[in-house]
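Below: one structure, written as structure tokens.
The values are calculated or read from the model by the stated rules, or taken from the named source; none is laboratory data. Quantities reported herein were computed from a predicted structural model and do not represent experimental measurements. Because the Cβ atoms are built from the backbone with ideal geometry, glycine has one as well, and the counts that use them run over all protein chains shown.
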Amino acid sequence: MSEPDATPPSGDDVPTVRLDQFLQLAGVAGTGGQAKVLIQSGAVLVDGVLETRRRRKLAPGAVVSVGGEEFEIAAPADA
């Protein structure tokens, strides 16, 4: 007998949000420009690592740290 297919979901199956969009949704940045400045100034960590790419895709479970606050990316709620 063969084992069931245990391949992880492809990148298209995992819901993501861009880092700059997330900062706006979380209320950390009021505009995309403010999010860009925060990210490029070195004020944002993703999973404890400095992140300067504003288009970095975040998957559920990622932890974003800004100004001493931590935010965990949650999976979208089913409608």
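Kindly check whether there is at least one residue in the range 8-20 that is farther than 23 Å from Pro76 by Cβ, surrounded by 10 or more Cβ atoms within 10 Å (Cβ to Cβ) and modelled with pLDDT of 95 or more.
Among the residues of the range 8-20, not one is farther than 23 Å from Pro76 by Cβ, surrounded by 10 or more Cβ atoms within 10 Å (Cβ to Cβ) and modelled with pLDDT of 95 or more, which makes the answer no.
Would you pick out the residues in the range 38-55 that are surrounded by fewer than 18 Cβ atoms within 10 Å (Cβ to Cβ) and either in contact with a Lys or Arg (Cβ under 8 Å, 6 or more places away or on another chain) or outside any loop (DSSP other than H, G, I, E, B) (or both)?
Of everything in the range 38-55, those that are surrounded by fewer than 18 Cβ atoms within 10 Å (Cβ to Cβ) and either in contact with a Lys or Arg (Cβ under 8 Å, 6 or more places away or on another chain) or outside any loop (DSSP other than H, G, I, E, B) (or both) turn out to be Gln40, Leu45, Val49, Leu50, Arg55.
Please name all residue pairs, on different chains or six or more residues apart, with Cβ atoms under 8 Å, provided the first residue is in the range 60-79 and is under 17 Å from Gln24 (Cβ atoms) and the second residue is among the aromatic types (Phe, Trp, Tyr).
Going by the 8 Å Cβ cut-off, the qualifying pairs are Val64/Phe22; Val64/Phe71; Ser65/Phe71; Phe71/Phe22; Ile73/Phe22.
Which of the residues that make up the range 56-68 are exposed (fewer than 13 other Cβ atoms within 10 Å of the Cβ) and hydrophobic (A, V, I, L, M, F, W, C)?
Within the range 56-68, just Ala59 meets the criteria.
Checking the structure you have, find out if any residue of the range 61-77 is at pLDDT 95 or above, among the hydroxyl-bearing types (Ser, Thr, Tyr) and not in a strand (DSSP E or B).
The answer is no; no qualifying residue exists.
Find all pairs meeting these conditions: Cβ atoms under 9 angstrom apart; at least six residues apart or on different chains; first residue within the range 22-37 and exposed (fewer than 14 other Cβ atoms within 10 Å of the Cβ); second residue in a loop (DSSP other than H, G, I, E, B) and modelled with pLDDT of 95 or more.
Close Cβ pairs (under 9 Å, with a partner that is in a loop (DSSP other than H, G, I, E, B) and modelled with pLDDT of 95 or more) amount to Val37/Ala29; Val37/Ala43.
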